[in-house]
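Notes for the one structure printed next.
The values are calculated or read from the model by the stated rules, or taken from the named source; none is laboratory data. Everything quoted here is computed from the prediction, not taken from an experiment. All Cβ positions, glycine included, derive from the backbone under ideal geometry; neighbour counts span all protein chains shown.
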Amino acid sequence: MTFNALAQSLVDYKYIDNDVEIMSWTTRKLEILKVVRDSRCDIICLQEIDEADYHDFFVAEFKALGYSVIYKKKLQNRLDGIAVLYRPSRFKLLVQRDVEFSSEHGQYDKPQVALVVALEDVNSDVYIVSNTHLLFNKNRGDIKAYQLLMLLNVINEFKAELRERNPIVLMCGDFNITPQSLLYSFLDEGVAVLKNSNPKRISGQYLMFDETYLTSSAGHSDAGSTVGSFKHYADDVYGNVKNAKLPREDEEEEETEQEMEWYIELRNKHSQLFKGDGVVLTATEASTDETDPEHSILLSPLVLKSAYNRDADVEDMKAEPAYTAYHGWQRGCVDYIWYDPQQLVVEAIYEMPLYKRVRAGGNLPNKHWPSSDHFSLISQFKRG
């Protein structure tokens, strides 16, 4: 399971219209615990858990439910962090690595973090499980790309270290990217062509603010459709929506310089991803010439699929949930459980609620879903 629990420290003016009693921490912490307990999952990845609440409440409760817990607080005086829960009756922790998305380049030095753990199960299978909560900023897809490459680098190092065990990869969290984005395609297809893209918008998250999802489509009827049972996305892989605001001339020069810095920084991080892995890239590490086609291509050593993408085997089709986050200022799909389809098969997923119920209930948290402003995602896998 992956679940963004909405840290109480992050509850601000955006939730002023939510029910006060439901939003109270006395109420919500018990509801969050109920989500964990009712899931009965063997591995759980949580985001937005305040450090104080982790120590004062959650860690004891999680252990009482039979879980071992690993926690990582965000940087730069942030109050919340992420946690990985696993059942010691099923898994043994082999190695843990904390990932901090820091950089000597100021604009990439951010407080977000990730956890990557290697777990050995009772059948001696090894799982590499990662949990993260990438930057929330609709206009900084470039930073999310940088963070994603850092995370993939650590996962790839784990795979190399454990290659004799043929480890199984699971990557969970709140990625703050949408299914129609270039970064989603990068994970889903293993390649991203940056040429002609807008670096700031390649996460697709801005569409949830500036371009609404197609909620009037047939799949959003009240005839019993679930939140995730239809194709509802406006495709904008390159971040080039026609009515996007154009920069002023003085802004264009600044944007060009920033984009060049981004390309260089991203290429450096990208080259690290393939060091010592037997992968040879030509004309990519040194080139910063936008006319060089190789310069604009990112490759991933991992080709993953989202457990909730029901059309993962159908070319060019995506059927992710319409909403994994549902509150007044952001409604869309940003949470994922990524897996390697060469290793695992999705046996089942926890079905999303009927859209008409979600719409009728209003912004999360509410009396129907009182724990968080995100839905939890649950997947059951078997070896492929």
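Numbers for the structure displayed
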item: Strands (runs of 3 or more DSSP E) wholly inside region 314-384 that include at least 1 residues being free of Cβ contacts under 8 Å to residues at least 40 places away in the same chain and within 24 Å of LEU183 (Cα to Cα); result: 344-349
item: Residues (charged (D, E, K, R), more than 15 Å from the chain's Cα centre (by Cα) and farther than 17 Å from LEU170 by Cβ) located in region 107-141; result: ASP109, LYS110
item: Members of region 181-194 found to be surrounded by fewer than 24 Cβ atoms within 10 Å (Cβ to Cβ) and either out of contact with any Leu (no Cβ under 8 Å at 6 or more places or on another chain) or farther than 17 Å from LEU134 by Cβ (or both), listed by number; result: SER185, GLU189, GLY190, VAL191, VAL193, LEU194
item: Any hit, region 330-346, residues being at pLDDT below 90 and surrounded by 20 or more Cβ atoms within 10 Å (Cβ to Cβ); result: yes
item: Test: residue in region 66-89 that is in a strand (DSSP E or B), among the small types (Gly, Ala, Ser) and closer than 23 Å to VAL303 by Cα; result: no
item: Positions within region 1-36 being free of Cβ contacts under 8 Å to residues at least 60 places away in the same chain and of a type outside the set (Asp, Glu), in sequence order; result: GLN8, VAL11, TYR13, ILE16, VAL20, SER24, TRP25, THR26, LYS29, LEU30, LEU33, VAL36
item: Inter-residue pairs, beta-carbon under 8 Å, first more than 23 Å from SER9 (Cα to Cα) and in region 54-74, second assigned to a strand (DSSP E or B), 6+ apart; result: LYS63/VAL69; TYR67/ILE44; TYR67/LEU85; TYR67/TYR86; SER68/LEU85; SER68/TYR86; SER68/LEU93
item: Cβ-Cβ under 8 Å pairs, at least 6 apart or on other chains, region 91-109 side closer than 16 Å to LEU149 by Cα, far side of a type in the set (D, E, K, R) and assigned to a strand (DSSP E or B); result: ASP98/LYS72
item: Candidate set from region 347-384 (those that are of a type in the set (Asp, Glu) and closer than 30 Å to PRO167 by Cβ); member that is surrounded by the fewest Cβ atoms within 10 Å (Cβ to Cβ); result: GLU347
item: Verdict on LYS34 being surrounded by fewer than 17 Cβ atoms within 10 Å (Cβ to Cβ), closer than 25 Å to MET352 by Cα and at pLDDT 95 or above; result: yes
item: Yes/no for GLU100 being acidic (Asp, Glu), in contact with a strand residue (DSSP E or B) (Cβ under 7 Å, 6 or more places away or on another chain) and under 30 Å from GLY362 (Cα atoms); result: no
item: Residues (in a loop (DSSP other than H, G, I, E, B), in contact with a strand residue (DSSP E or B) (Cβ under 7 Å, 6 or more places away or on another chain) and modelled with pLDDT of 95 or more) located in region 135-188; result: LEU162, PRO167, PHE175
